[in-house]
Amino acid sequence: MTQPFRLPHFYMPYPARLNPCVDEARAHSTEWARAMGMLEGSGVWEQSDLDAHDYGLLCAYTHPDCDGPALCLVTDWYVWVFFFDDHFLETFKRTQDREGGKAYLDRLPLFMPPDLATPVPEPENPVEAGLADLWARTVPSMSLDWRRRFAVATEHLLNESLWELSNIGEGRIANPVEYIEMRRKVGGAPWSAGLVEFATAEVPASVAASRPLRVLMETFSDAVHLRNDLFSYQREVEEEGELSNGVLVLETFFGCDTQRAADTVNDILTSRLHQFEHTALTEVPALAVDKGLTQDEVAAVAAYARGLQDWQSGGHEWHMRSSRYMNEGARSTGRPFGLSGVGTFAADVRGLLADAGAERLRAYTHVPFQHVGPSLIPDFQMPYEVELSPHLDGARRRLTPWMHRTGMLQEGVWDEDKLVAYDLPLCAAGLDPDATQEALDLSSQWLAWGTYGDDYYPLVFGQRRDLAAARVCTGRLSSCMPVDGGELPVPVNGMERGLIDLWTRTTAGMTADQRRTLRAAVDTMTESWLWELANQLLNRIPDPVDYLEMRRATFGADLTKNLCRMGHGPEVPAEVYRSGTVRSLENAGIDYAMLINDVFSYQKEIQYEGEIHNALLVVQNFFGCDYPTALRVVHDLMTQRMQQFQHVAAHELPVLYDDFKLSEQARKTMDGYVVDLQNYMSGILKWHRDCRRYGAADLARRAHGFVPDLPPALTRWAEPVAR
């Protein structure tokens, strides 16, 4: 069969290494698969299938340093996961049996108890038998923290197969952002990262959930999955009718031919590998210092990062060799200068040099403060009508005195003119049209505080290039939100006074868990401002995927979601909010709203502030295109995110309600949450259109280069580093 496209030129500077225990793993995995019932008589595989796929070779390449018993166990896990994928395909995807697929998946977590003393059911099929055996053999040597994380990753891998099944049933192809998020769980690379920990070193629980470790795992995942999409396109799309493939997703989104879509997937793959390297070399060392990791803990994180790197190069080598994938002609691709032998499929000298000279450096060469002219505003798709709170005028009158009392209008960042022009109560009135007077005042003040902080960090710390003082400020802000009634710090600036006041009033009557969740949401936002500052100091335009995901944090999405959910009672289980369906709904709405902001603020950020954190600039840099082209790409993405929001609300939420057997009251609450998110999108669009923060005339009138003085407390703490 003719290949549908030419495999692109891959960036992979690390040579693959082969574990010497490869034959032991091959022999053991065959015996194990037969004992679990996965071969003859399974209706899925014969031994010839297992031999051709050669998972022993995959694991020997991806885990080159572990001993024989560990390699055998890891290989058994991969045999199991690929068998599950093919078994689910044959049993449920081909027959479109969603109900049967859900019942099948619901049983599997029962075979992964954190405590091995917990009894498990009697296995009813090879997948259950294999999981029960693997879990019992793996978890005794791992911590409870790892067990929980790995069980969650395994459940995501299994359960999100229903998402793929639903999309096949509807003939629906995901948009690019939705696809990247869901592919991480369906594709199983976070699960693979857990096995890397097993084979190398377990990361310390204190940093396992931190941004640097999360980004290492996510960039690893995205690169693994996008590479697999390139090699498996022919089998998945042309032979199996699969819709969950990155090449097909980009073909559909851009309306382009398969070759261009494949080349673009490879560009994203390369960018994710660059992000992995950047994070490993900059953010991980800073994390180790910040968290005071011991020498052994630092070594564990380093071994884990190296293990992820080995997986990338080893996985690439295996794809080049396995009969499971389209790889005709690939073995000669990228082997210049006469290189040959094991590992040289990945050791691409030409790609490494070309990349270092062009693609990687392009992210650092943006010239700030370019004249771009007024922002171009497209005709946004907005199916929801705006409603405004009747208390809007009163909230406007009361906001200015509150800002004066906190001192935020006396620090040189904002003045009354800016505050009135920005009209944050208008935004609050659209977000929550049914709010009481007190609730609207509180919402207006939260928006004013967050927007002020978003302006304060780049103006006060960015122009001084003072990341140390910014870290001190961020730590102090966190201390202004005690979870258990602890002592409040003496505020040293307007942001601290404002936050103490907001925290005290908002959390009155909250449980400790609710306060903890709200504090985490605010911390997520303020810590994301440090991420922006770090990029600003390097003049580094972010990787597109990292930008979109961090933009939700800089936009305050977690804070907004928590404020929306505050009135939701216990009738809605926490598991519903953690479900892929609700996260998909939220992220689609949030992305639409934050991209509205990027479109309106383009001139403000690029021309007047020298910013690099804007989706249109990120798209221009990544695709090498002009501003109008980037605007069309962003606008198309917004339209598809809106369509996804509507699709999830209309088709996926009702299924979720049934899956969780929600009460009528819980269903009403969730339907109300959908309306909250609709108001969120329409209210933010209304505010951007009507406020005077982004217009060309207002920007020209307010342009100035004044940099406020640091508060004495921040100056004192930052001095040793700043000198």
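For every residue, the table says whether it meets (1) at pLDDT 85 or above; (2) open to solvent by less than 20 Å² (accessible area, probe 1.4 Å); (3) more than 18 Å from Asp97 (Cα to Cα); (4) assigned to a loop (DSSP other than H, G, I, E, B).
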site	(1), (2), (3), (4)
Val152	yes, no, yes, no
Glu164	no, yes, no, no
Gly169	no, no, no, no
Pro190	no, no, yes, no
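Assigned to a loop (DSSP other than H, G, I, E, B), small (Gly, Ala, Ser) and free of Cβ contacts under 8 Å to residues at least 40 places away in the same chain: is that true of Ala174 in this structure? Write out each step before concluding.
Values: assigned to a loop (DSSP other than H, G, I, E, B): yes; small (Gly, Ala, Ser): yes; free of Cβ contacts under 8 Å to residues at least 40 places away in the same chain: no.
Here the answer is no, as Ala174 does not meet what is asked.
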Original post:
When only residues in segment 649-675 that are closer than 25 Å to His635 by Cβ and modelled with pLDDT under 95 count, which is surrounded by the fewest Cβ atoms within 10 Å (Cβ to Cβ)?
Top reply: His651
Subject >> Unmet criterion (only one of (1) among the polar types (S, T, N, Q); (2) at pLDDT 95 or above; (3) within 21 Å of the chain's Cα centre (by Cα)) for Ser244 >> reply: (2)
Subject >> Candidates Glu251, Glu236, Glu277 - the one that is surrounded by fewer than 18 Cβ atoms within 10 Å (Cβ to Cβ) and without any contact (Cβ under 8 Å) to a residue 60 or more places away in the chain >> reply: Glu277
Original post:
open to solvent by less than 30 Å² (accessible area, probe 1.4 Å) and either aliphatic (A, V, I, L, M) or out of contact with any Cys (no Cβ under 6 Å at 6 or more places or on another chain) (or both), is that true of Gln620?
Top reply: no
Original post:
Taking segment 676-700 as the region of interest, how many residues are crowded, with 18+ Cβ neighbours inside 10 Å and either assigned to a helix (DSSP H, G or I) or acidic (Asp, Glu) (or both)?
Top reply: 14
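What about Gly373, is it open to solvent by 20 Å² or more (accessible area, probe 1.4 Å) and either modelled with pLDDT of 85 or more or under 30 Å from Cys625 (Cα atoms) (or both)?
Details: open to solvent by 20 Å² or more (accessible area, probe 1.4 Å): no; either modelled with pLDDT of 85 or more or under 30 Å from Cys625 (Cα atoms) (or both): yes.
Against the criterion (open to solvent by 20 Å² or more (accessible area, probe 1.4 Å) and either modelled with pLDDT of 85 or more or under 30 Å from Cys625 (Cα atoms) (or both)), Gly373 does not qualify.
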**OP:** Could you pull out every one of the helices (runs of 4 or more DSSP H) wholly within segment 371-435 that has 2 or more residues that are under 21 Å from Ala557 (Cα atoms) and among the hydrophobic types (A, V, I, L, M, F, W, C)?
**Re:** 424-431
Original post:
From Met320, Met326, which residue is assigned to a loop (DSSP other than H, G, I, E, B), closer than 28 Å to Arg17 by Cβ and at pLDDT below 90?
Top reply: Met326
**OP:** Name the residue, out of Glu202, Glu238, that is more than 21 Å from the chain's Cα centre (by Cα), of a type outside the set (Lys, Arg) and modelled with pLDDT under 95.
**Re:** Glu238
Subject >> Qualifying positions in segment 23-76 - surrounded by fewer than 15 Cβ atoms within 10 Å (Cβ to Cβ) and either of a type in the set (A, V, I, L, M, F, W, C) or touching a strand residue (DSSP E or B) at 6+ places or on another chain (Cβ under 9 Å) (or both) >> reply: Ala27, Ala35, Ala52
Subject >> Cβ pairs under 9 Å, 6+ apart, first in segment 28-55 and aromatic (Phe, Trp, Tyr), second open to solvent by 70 Å² or more (accessible area, probe 1.4 Å) >> reply: Tyr55/Arg26
Original post:
Restricting the search to segment 623-632, which residues are surrounded by fewer than 19 Cβ atoms within 10 Å (Cβ to Cβ) and in a helix (DSSP H, G or I)?
Top reply: Phe623, Tyr627, Pro628, Thr629, Arg632
Original post:
Which of the following residues is open to solvent by 40 Å² or more (accessible area, probe 1.4 Å), without any contact (Cβ under 8 Å) to a residue 12 or more places away in the chain and in contact with a Pro (Cβ under 8 Å, 6 or more places away or on another chain): Leu116, Leu144, Leu110?
Top reply: Leu110
Subject >> From Leu409, Leu424, residue being modelled with pLDDT of 95 or more and open to solvent by less than 10 Å² (accessible area, probe 1.4 Å) >> reply: Leu424
Original post:
Does Asp310 fit the bill of being of a type in the set (Asp, Glu), buried (at least 20 other Cβ atoms within 10 Å of the Cβ), over 22 Å from the mean Cα position of the chain (by Cα) and modelled with pLDDT of 95 or more?
Top reply: yes
**OP:** Could you list, in sequence order, all residues of segment 280-296 that are open to solvent by 60 Å² or more (accessible area, probe 1.4 Å) and over 24 Å from the mean Cα position of the chain (by Cα)?
**Re:** Val289, Thr294, Gln295, Asp296
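Count, please, the residues in segment 649-671 that happen to be in a helix (DSSP H, G or I) and either of a type in the set (A, V, I, L, M) or in contact (Cβ under 8 Å) with a residue 40 or more places away in the chain (or both). Please lay out each step first, then the result.
In the first step, residues of segment 649-671 are kept if they are in a helix (DSSP H, G or I); the result is 649-659, 664-671.
This time we only want the ones that are either of a type in the set (A, V, I, L, M) or in contact (Cβ under 8 Å) with a residue 40 or more places away in the chain (or both), so: 649-653, 655-656, 659, 665-666, 669-670.
Residues flagged as in a helix (DSSP H, G or I) and either of a type in the set (A, V, I, L, M) or in contact (Cβ under 8 Å) with a residue 40 or more places away in the chain (or both) within segment 649-671 amount to 12.
Within segment 198-224, can you find the residues that are part of a helix (DSSP H, G or I) and open to solvent by less than 10 Å² (accessible area, probe 1.4 Å)? Reasoning before the result, please.
Within segment 198-224, the first condition is being part of a helix (DSSP H, G or I), and the residues that meet it are 198-199, 211-224.
Across segment 198-224, the qualifying residues are Leu213, Val215, Leu216, Thr219, Phe220, Ser221, Asp222, Ala223.
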**OP:** Could you give me the residue pairs with C-beta distances under 8 Å whose first residue belongs to segment 85-103 and is among the acidic types (Asp, Glu), whose second residue is surrounded by fewer than 16 Cβ atoms within 10 Å (Cβ to Cβ) wherever it lies, and which are 6+ apart or on separate chains?
**Re:** Glu90/Gly43
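Does Arg227 meet the test of being open to solvent by 40 Å² or more (accessible area, probe 1.4 Å) and either more than 18 Å from Met182 (Cβ to Cβ) or assigned to a helix (DSSP H, G or I) (or both)?
Values: open to solvent by 40 Å² or more (accessible area, probe 1.4 Å): no; either more than 18 Å from Met182 (Cβ to Cβ) or assigned to a helix (DSSP H, G or I) (or both): yes.
So Arg227 does not fit the description; no.
The values are calculated or read from the model by the stated rules, or taken from the named source; none is laboratory data. Keep in mind that this is a model prediction, so the values were computed, not measured. Glycine gets a Cβ as well: all are built from the backbone with ideal geometry, and neighbour counts include every protein chain shown. With ligands, DNA and RNA removed, areas are computed over all heavy atoms of the protein, side chains included. Shrake-Rupley method; radii C 1.70, N 1.55, O 1.52, S 1.80 Å.
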